[in-house]
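Right, one structure below, let's go through it.
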Amino acid sequence: MPHSGNLGYRISRYALELGYRVASNRLSGTATISATSYQELTRFALDLATSMRVDRVTVNGSRARYSHRGGKLSITPGSPIPPGGVISIVVRYGGTPRPVRGPFGDVGWEELDNGALCANQPDGAPSWFPCDDHPEAKASFHIEVTTDSPYYVLANGRLASKQRRAAQTTWMYDQVEPMSTYLASIQIGQYEHRTLATSPVPVHALVPPSLSKRFEVSFAHQVQMVGAFTEMFGPYPFPQYTAVVTEDELDIPLEAQSFSTFGANHCDGSRDHERLVAHELAHQWFGNSVTGARWRDIWLHEGFACYAEWLWSQHSGGRSADEWGRHYYEKLQQTRFTTPLADPGPRTMFDDWVYKRGALTLHALRLRLGDGEFFALLRRWTDKYRYQCATTEDFIALASTFTSESLKDLWRDWLFTPELPRYPTL
């Protein structure tokens, strides 16, 4: 995104200590950020929405001057940071968090009827913490949230501890595997916690008690889905997975590293939304563990997750991937394409055609390679770039090692030419 991300340093860890009042939607925070400079810094910036008020900034233990405008927190340390210098930044801040408004609508911190959630993609993380908001800027996280005791708090990673003091409880989570800021998230609500599986991958759920029976039907195959995708895509990349269902309705489900969030409308006591359950789970491999280095590479997230929907359908006795491919190809024939899939542009990068054409690109590749080599490629992709960022060019290069034939025409037609090619066949 043109105004997100910063230069001159690299963040390795965020430690966020947050206090949240549900009734008043008030957030107070202390962010301790560990970074290293890669050039001399007399001044540097973090992304932080102006809905947050900054109270104090220190750099390496000393007070620092700062200005906060236009979504940028510009910091001037007491003395220049040399190249390769270690930087410890502490920002105390607070306010009434609200989403960041942009071309994709409102993204970031979202107040619910009885709780809160974070939907950061693509540039909403600064709505609730100071950060270097670029998908390639991955870091580990410690997230500590103190809120009213009736509420359950979920954050990325593993629950390290939980301490109750009178009317409030502090929840501490450690996300050890590097994470892009847009995937950082918090869920606060009056949820019932369920353990769906303990091995080989621990699978959990947070569900409002009123939706408990509906959940048993709508998410009946969640555990089997984890097993199927582990076989197809390689080992599950994080210590656990959690499906969250809010009491509120949501336009679309939301991905975060190690968990996904669904609206009450996606948990209606039927299996009508099971493709979305599959889609969000697949993002743990494609998008969360292996992350596109640039937003133009969004098909590496959404095309793969969409194709996972078709694979799950076939695996669970529904339509085959080829039947779904033909179904959506007919719809895409009614679409006028002006940009290529490999660079759809900021206005259309989340349009449905990116998802479906991305899935069809993978289907075309599968038909060209054959099932054995295709799934070996996916497992190698998730292994080679585990917890890293990658580009379309990286995928093209890796795919070339799984065949002796040239794939140049496939990439030209499906990725780099706007016009829709013919439906792929053997």
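Data for the structure
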quantity: Spatially proximal aspartates and glutamates relative to LYS213 (Cα-Cα < 18 Å; intrachain offsets below 8 disregarded); calculated: GLU192, GLU247, ASP248, GLU249, ASP268, ASP272, GLU274
quantity: Among ARG275, ARG412, ARG98: highest mean-square fluctuation, GNM of the chain, C-alpha pairs under 10 Å; calculated: ARG412
quantity: Length-normalised contact order for the chain - Cα pairs under 8 Å, 6+ apart - percent; calculated: 11 percent
quantity: Vicinal HN-Hα couplings computed from phi for segment 38-51 (Karplus, 6.51 cos²θ - 1.76 cosθ + 1.60; Hz; Gly/Pro x); calculated: 10, 7, 5, 10, 8, 7, 8, 9, 10, 8, 7, 4, 6, 5
quantity: Dipole magnitude of segment 291-416 about its Cα centre (Cβ charges: Lys, Arg +1; Asp, Glu -1), debye to nearest 20; calculated: 140 debye
quantity: Signed unit charges on C-beta, dipole axis of the chain, positive-most listed residue ILE298, SER62, MET1; calculated: SER62
quantity: C-alpha long axis of helix 222-233 to longest principal axis of the chain, angle in °; calculated: 70 degrees
quantity: Distance cut-off 19 Å, percentage of C-alpha pairs in segment 291-416 lying past it; calculated: 47 percent
quantity: Net charge contributed by nearby residues that have their C-beta within less than 15 Å of VAL100 (K/R +1, D/E -1); calculated: -2
quantity: Neighbourhood net charge (13 Å Cβ-Cβ; Lys/Arg +1, Asp/Glu -1) for GLU177; calculated: +3
quantity: Between helix 321-332 and the chain: long-axis angle, C-alpha atoms, 0 to 90°, nearest 10; calculated: 80 degrees
quantity: Table column - 3J(HN,Hα) (Hz), segment 158-170, Karplus curve with 6.51, -1.76, 1.60, x for Gly and Pro; calculated: 9, 5, 8, 6, 9, 10, 9, 10, 6, 8, 10, 10, 9
quantity: Of TYR38, TYR329, TYR307, the one that fluctuates the most in a GNM where the chain has Cα springs shorter than 10 Å; calculated: TYR38
quantity: Candidates PHE286, PHE350, PHE262: whichever shows maximal mean-square fluctuation once the chain is modelled as a Gaussian network with Cα springs under 10 Å; calculated: PHE350
quantity: Helix 299-315 vs. the chain, principal-axis angle (Cα, 0 to 90°, nearest 10); calculated: 50 degrees
quantity: Neighbour-count ranking [beta-carbon atoms within 10 angstrom, fewest first] of HIS134, HIS193; calculated: HIS193, HIS134
quantity: Paramagnetic reach from ARG319 (point 7 Å along Cα→Cβ, amide N under 18 Å) across segment 344-370; calculated: 352-364
quantity: Positive-pole candidate from GLY370, PRO135, SER316, dipole of the chain, charges at beta carbon; calculated: PRO135
quantity: Among CYS118, VAL207, ILE89 - extreme Cα towards positive end, dipole of the chain, charges at beta-carbon; calculated: ILE89
quantity: Relative contact order (percent, whole number), segment 142-278, Cα cutoff 8 Å, 6+ residue spacing; calculated: 22 percent
quantity: Evaluated at q = 0.19, 0.26, 0.30 Å⁻¹: base-10 log I(q)/I(0), Debye formula over Cα of segment 94-133; calculated: -0.48, -0.85, -1.04
quantity: Cβ-based exposure ranking for TYR152, TYR182, in which fewest neighbours within 10 Å come first; calculated: TYR152, TYR182
quantity: DSSP bridge pairs, the chain: antiparallel proportion in percent, nearest 5; calculated: 80 percent
quantity: Candidate lysines - alpha carbon under 24 Å from LYS331, same-chain residues fewer than 8 apart omitted; calculated: LYS356
quantity: Residue-count net charge about VAL90 - beta-carbon cut-off 13 Å; Lys, Arg +1, Asp, Glu -1; calculated: +2
quantity: Using distinct alpha-carbon pairs, which all enter the 1/r mean, Kirkwood radius of segment 204-281 in Å; calculated: 12.6 Å
quantity: Partners for LYS384 among lysines (Cα-Cα distance below 19 Å; same-chain residues under 8 apart left out); calculated: LYS138
quantity: Cα extents of the chain along the three principal axes, largest first (Å); calculated: 65, 53, 38
quantity: Exposure proxy order (Cβ contacts within 10 Å, fewest to most) of GLU110, GLU373; calculated: GLU373, GLU110
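Each value in this text was obtained by applying a stated rule to the coordinates, not by laboratory testing. The shown structure was predicted, so the numbers you read here are calculated from the model rather than taken from an experiment. Glycine also receives a Cβ, built like all others from the backbone with ideal geometry; neighbour counts cover every protein chain displayed.
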